[in-house]
Every structure is written in structure tokens, then in C-alpha cells.
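Down below is the structure, laid out as C-alpha cells.
The values are calculated or read from the model by the stated rules, or taken from the named source; none is laboratory data. Please read these numbers as outputs of a predicted model, since none were measured by experiment. Ideal geometry is used to build each Cβ from the backbone, glycine not excepted, and the neighbour counts take in all protein chains shown.
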């Protein structure tokens with residue numbers, strides 16, 4: 001798509017672009033399932049920010065600007081979707097990462113110090129015994145401090161060259177390794193959490209050539225085509241009559257994971273600065289049609305291309321489109337349309 005010269009966008013747009021209520025930067029919802037239910041300070045005693053917290057843009061008072069609805073190009077977090085097992089016979093040993101610094105997880109240590117006895121280890125990184133056959137568990141993001149990397153580095157991925165993308169992968173892999181090690185051995189981690197996390201490790205029979213680590217990141221979104229039709233939240237939340245060129249139907253909720261971990265002053269608490277994960281959004285939708293025009297670049301740009309995965313949608317709408325079943329349906333539609341276009345016209 002990009003090489004062919006088709007127009008595309010990256011990251012979240014402003015509300016004003018398509019008149020979408022849910023576009024752009026999001027407010028400081030608290031506590032929220034993917035946010036901190038306790039007030040975690042973002043500062044050391046000397047006023048410096050703790051690691052894994054991005055400095056916000058400040059206003060004239062020195063307060064963080066929320067800039068609600070502003071388009072900033074932010075991407076929902078990437079991560080490694082780990083496959084872990086609690087079966088000792090199929091585990092690879094997890095060793096301490098070279099140069100490991102537990103101070104990287106100061107936010108997590110503070111959070112666990114406030115709620116640690118009330119939080120289950122499974123809630124932290126999604127460990128569920130027996131979730132998959134063979135004593136395995138596919139670990140996704142869950143809770144306020146997870147395998148999601150929230151430092152904004154994923155903004156370099158869509159336009160990054162091979163070397164930059166490789167470096168970003170290694171950054172995500174090291175983060176995942178260090179997080180698992182910290183939860184199993186780190187200072188300030190409650191004993192029941194250390195004990196449970198230490199029972200799990202990478203699978204010896206998964207991603208074998210990469211010693212159990214996934215070969216790729218979980219890229220939730222990157223480039224998005226600007227095509228003949230741009231699907232927006234209006235098409236999902238208030239779908240009208242189905243167009244004639246329906247390629248597929250989507251039905252998954254609008255699911256946008258956290259974009260960054262930053263901090264806010266919370267006026268209801270005197271005010272008090274607190275760590276905050278910004279960007280999470282979850283909205284139910286009704287089944288909605290996806291026009292074939294969402295797969296087609298503008299005719300004046302490219303006339304021989306169909307784009308089923310990085311299709312034409314706003315960042316909000318893509319939060320629903322991005323799920324595998326919908327993308328597979330769009331891929332089949334693209335294949336059928338390509339075959340139809342290539343089929344010779346019948347003789348008359």
C-alpha cells in the first residue's frame with residue numbers, strides 16, 4: 001500500500017476530522033479495568049519522574065494538558081503475546097536478564113505496595129491455568145501494568161526501516177523478560193505473586209527457533225489506508241442500510257488498548273499527581289457492513305490494489321476491524337474481488 005503510493009494515516013486523529021465523539025486523546029478515567037485503582041505517585045522525592053512514565057505536555061500552570069479529542073498520532077500499545085506454561089516438563093528456564101535493574105518497575109512496586117495483597121497474580125499478566133491445551137496460557141494485556149509497552153516507542157514502527165523495527169522488537173522482548181523476572185523475584189512483590197509467577201515459564205515447544213519468545217510483536221495497528229470509503233465510528237455505532245458493495249461484516253466491540261502511561265493532577269484528590277494509563281477505549285457495537293470501498297485506494301492514486309488488513313478506517317473504527325475474524329473475512333472478500341476482476345469477459 002505505502003510503496004504503491006496510496007494515501008494512508010498513522011495513529012489517532014482529532015475528533016474534528018470525521019466528527020467522531022471518541023476520537024483523539026481520552027480523559028483520565030479512574031479507576032477503570034486497565035488503570036490504577038490506587039493513587040500511585042509518578043515522582044521520586046527529588047521531583048524526577050519514575051521509569052515507565054512518559055512526561056506530559058504542561059500548561060502555563062505546570063499542569064498536564066489533557067487536550068481531549070486532540071489527534072496526536074498515538075498508537076495503541078504493542079506487546080509480545082507470550083505463550084507460557086506451568087508444566088515443568090515443557091518449560092524453558094527463565095534466567096535473570098543481563099544487567100537487570102529492578103528500579104525500572106518502580107511504578108509496579110509502588111502499585112503492589114498499595115494493593116498487592118488484594119491482587120491475584122493472574123490479574124497482573126493474565127495467567128490462567130488450562131486456558132490452552134497442554135497446560136499453556138496465551139498472555140495478553142490485562143490490568144494497569146502489563147506486557148504492553150507504553151513508552152511511545154511504537155510510533156517509530158510504521159515508518160521505521162528494518163534495523164529500527166528489529167531494535168524495537170528487541171526492546172519489547174527485553175521488557176517482557178524483565179517484567180516476568182521482576183514479578184517472580186523483584187523487591188516489594190508480594191509473596192503470593194512471586195510464587196505464582198515463578199511457576200510459569202516459556203514453552204519449550206513454542207517458537208522453538210527463538211527459544212520460546214514470539215517471532216513478532218503483537219502490532220495492534222500501524223498504517224491505515226485512506227481509500228474510497230473511510231469507515232468511522234458512525235458506521236459502527238449507528239449503521240444504516242447496507243451498501244451494495246458489502247465486503248464483510250464486523251461485530252467486535254471497539255477495543256483500543258492503552259496508548260501511553262503518563263500522569264495527571266486529580267482535582268478530586270486535593271489535587272494529587274497520580275500515574276495514569278491514557279487511551280483505553282471499549283465500546284459495544286451492532287453488526288455493521290464494511291464496504292468494498294474500504295479496501296480500495298482512491299482511483300486517481302492506485303487502480304490495481306486491494307488492502308484488506310490496513311484498510312480504510314478511522315483509528316476508532318479500526319479498533320473493531322482489527323480482530324482476526326474480521327480481517328480474515330476481508331481477506332477472502334479481497335481475493336474474490338481480485339479473481340472477479342481478472343476473470344476474462346465472456347464472449348458475445
Whether any residue in the range 141-150 is free of Cβ contacts under 8 Å to residues at least 40 places away in the same chain, outside any loop (DSSP other than H, G, I, E, B) and in contact with a helix residue (DSSP H, G or I) (Cβ under 9 Å, 6 or more places away or on another chain) is what I want to check.
no
Considering only the range 288-296, I want to know if a residue exists there that is in contact with a helix residue (DSSP H, G or I) (Cβ under 7 Å, 6 or more places away or on another chain) and under 20 Å from residue 75 (Cβ atoms).
no
In the range 200-253, anything in contact (Cβ under 8 Å) with a residue 60 or more places away in the chain, over 18 Å from residue 292 (Cα atoms) and over 22 Å from the mean Cα position of the chain (by Cα) is listed as 200, 201, 203, 204, 205, 206, 211
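This table checks each residue for (1) farther than 24 Å from residue 148 by Cβ; (2) without any contact (Cβ under 8 Å) to a residue 40 or more places away in the chain.
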site	(1), (2)
2	yes, no
9	no, no
34	no, no
53	no, no
60	yes, yes
63	yes, no
If the requirement is being in the same structural domain as residue 201 (by TED's automatic domain parsing) and at pLDDT 95 or above, which of these qualifies: 103, 24, 19?
103
How about the range 117-135: which of its residues are over 25 Å from the mean Cα position of the chain (by Cα) and in contact (Cβ under 8 Å) with a residue 12 or more places away in the chain?
117, 134, 135
Report whether or not residue 168 is buried (at least 18 other Cβ atoms within 10 Å of the Cβ), within 22 Å of the chain's Cα centre (by Cα), in the same structural domain as residue 153 (by TED's automatic domain parsing) and in contact (Cβ under 8 Å) with a residue 40 or more places away in the chain.
yes
Candidates 335, 279, 319, filtered to the one that is assigned by TED's automatic domain parsing to the domain that holds residue 226, on the phi > 0 side of the Ramachandran plot and either modelled with pLDDT of 95 or more or in contact with a strand residue (DSSP E or B) (Cβ under 7 Å, 6 or more places away or on another chain) (or both):
279
Mind counting the residues in the range 127-140 that are surrounded by 19 or more Cβ atoms within 10 Å (Cβ to Cβ) and not in a strand (DSSP E or B)?
1
